[in-house]
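These notes concern the structure reproduced below.
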Amino acid sequence: MDGKDAPPLRFRAWREDDRDTGLALFDSNVPQFFAAQERADFIEFIEDLPGPYFLALDADGAAVGCGGYAVHDKKPETAALCWGMIHRDHHKRGWGDALLRHRLDAIAREPVFRWVEIETSQFSRGFFERYGFVQRKQVADGFAPGIDLIEMTLDMDAYRKAGRANL
């Protein structure tokens, strides 16, 4: 599927009782998209959310993904995308696009944000480039052996002006 034929997702705010669901989503993406040693970082993140975090549900109400954003800790005009993922069994259905659009639309509704940043890997770089993200830095093995850290930025003013945001 290219995403246009994907069944729609609905999103709801993350709850404390979503922990095991989130861990299952994370684990399904190890080792290709996340390193096993990052699991502790993810647990720490979901136990003390720094900003909005969402659970993505399919038409049957099953959790298929999660992701959110937070205000960058050093740049208040920048939103940082946090821990976005779709269960490995549901990749290539367009749901990663839906999750990213949901987060970008939420960010776009907050006029304080001029930039969006993400730290991702070489495996997801192309996905974010389709939305206008530009690579700023690459650190070989920055997350784990074989998983580079790629820093990317999106100009939200340009994103809004291009009419990409669903406000």
Geometric extent, Cα atoms of the range 63-104 - Rg, Dmax (angstrom): 11.9, 36
From the phi angles alone, apply the Karplus equation (6.51, -1.76, 1.60; θ = phi - 60°) to the range 108-121 and give each ³J(HN,Hα) in whole Hz, x where the residue is Gly or Pro. 4, 6, 9, x, 5, 7, 9, 9, 10, 10, 8, 10, 9, 10
Gained length - Phe123 relative to His72, 0.36 nm times residue gap less alpha-carbon distance: 16.0 nm
Counting only backbone N atoms under 20 Å from a point 7 Å out along Cα-to-Cβ of Val30, the residues of the range 89-105 in range are 89-91
Gaussian network model of the chain, Cα springs within a sub-10 Å range: biggest mean-square fluctuation belongs to which of Ala79, Ala56, Ala13? Ala13
If each part is reduced to its alpha-carbon centroid, the range 26-42 and the range 63-111 end up apart, in Å, by 17 Å
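Rule-based calculations on the coordinates, nothing more; no lab input. Since the model is a prediction, treat every value here as computed from it, not as a measurement. All Cβ positions, even for glycine, are placed from backbone atoms using ideal geometry, and neighbour counts span all protein chains on display.
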